[in-house]
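Reading through the C-alpha cells given below for one structure.
The values are calculated or read from the model by the stated rules, or taken from the named source; none is laboratory data. Computed from a predicted structure; not experimentally measured. Here the Cβ is made from the backbone with ideal geometry for all residues, glycine too, and neighbour counts use every protein chain on show. Areas reflect the complete protein model, heavy atoms only, side chains present, ligands, DNA and RNA absent. Shrake-Rupley method; radii C 1.70, N 1.55, O 1.52, S 1.80 Å.
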Amino acid sequence: MFRFPPLTPFVKKLLIALFGTWILQIILQNWAGMPIFEFLALSTASPGLNTLWQLGTHVFAFPTGPQSVFSMLIVLLFLWLMLAPFEQRFGEKRTIQLCVAATLSSAFLALIVGLIVPSPSALYGAQAILLGSIAAFAWSYRGQGRMSFFGVIDMKPVHIIYLVLALSALMFITSGDAVALAADIGAIGGGVAFIEWLRKPPGRRRKRPKWPKRRKKKSDFDVIQGGRADEPRWLN
C-alpha cells in the first residue's frame with residue numbers, strides 16, 4: 001500500500017530552498033526585470049566564467065512562467081517521495097553528498113555533449129537530484145530482493161533504473177535535446193557511482209616498506225665517538 005515517507009530534516013530544508021529560490025526568481029525576473037534565470041541556469045552552448053557557479057546553481061534555476069507552476073510542484077513532490085527514504089536509510093550527510101554528486105555529474109556530462117553537439121540549450125531544474133536519488137536508492141537495494149514502485153508495481157531495483165532511462169530516452173525522442181539526455185544519464189550514473197563508492201571499505205593506511213637490512217662492511221677508518229647525546233636523530 002502506498003504511503004508518503006516522513007519529511008526528513010535535509011529534504012525539508014531542500015524543498016524550502018528550492019521553492020523559496022523559485023519565488024525569488026519570479027519576483028526578480030518578472031517584476032524587477034533582472035535576468036536571474038540566465039545567471040543560475042547552466043549555459044552549455046557558451047561555457048565561460050559563469051560556468052564556475054552554474055555547475056551548482058543550475059538545480060535552483062526554474063522557468064518563471066505560469067505554465068511552470070504545476071511542473072514545479074510535481075518536482076517538489078517527487079523529491080520528497082524519492083529523497084526522503086534515502087535520507088532515512090543513509091543519513092543527512094550522505095544525502096547531501098549524493099545531491100552534490102548527482103548535480104555535478106549531470107552538469108559535466110551535459111557540458112561535454114554541449115561542446116560536441118552545439119545547441120542553445122540551458123540546463124536547469126532539480127531533475128538531476130531527483131534522478132540521482134532514484135538511481136542511488138534503487139542501486140543500494142541491488143541483489144537484496146525486489147522493490148515496490150509506488151506501492152503498486154513489484155519490480156527488481158535495477159529495473160527501476162531501466163525505467164528512468166527509458167523515460168529520459170522518450171523525452172529525447174520528443175525534444176531532440178541531446179544535452180538534456182546527457183544530463184539525465186549523468187545524474188543517473190552519478191547516483192549509481194555514489195552507492196558504489198559507499199560500498200568500498202575505508203582505505204587503510206599505507207605501511208612503510210621494510211627495506212632489506214644492509215650488511216655492515218668493514219671500514220679502514222676508525223669511528224670517533226662524540227657529539228651530544230640529546231641531539232635529534234630525525235629530520236622534521
When residue 146 is run through (1) in contact with a Pro (Cβ under 8 Å, 6 or more places away or on another chain); (2) under 15 Å from residue 8 (Cβ atoms); (3) not aromatic (Phe, Trp, Tyr), the failure sits at (2)
Tell me, yes or no, whether the range 104-120 has at least one residue that is closer than 14 Å to residue 8 by Cβ and not aromatic (Phe, Trp, Tyr).
-> no
Qualifying helices (runs of 4 or more DSSP H) (wholly inside the range 1-93; at least 2 residues being farther than 30 Å from residue 116 by Cβ and open to solvent by less than 70 Å² (accessible area, probe 1.4 Å)) | 9-26, 68-90
Which residues, taken from the range 156-186, are closer than 21 Å to residue 142 by Cα and among the small types (Gly, Ala, Ser)?
-> 166, 186
Those residues of the range 125-143 which are within 23 Å of residue 74 (Cβ to Cβ) and either in contact with a strand residue (DSSP E or B) (Cβ under 7 Å, 6 or more places away or on another chain) or part of a helix (DSSP H, G or I) (or both), in sequence order = 127, 128, 129, 130, 131, 132, 133, 134, 135, 136, 137, 138
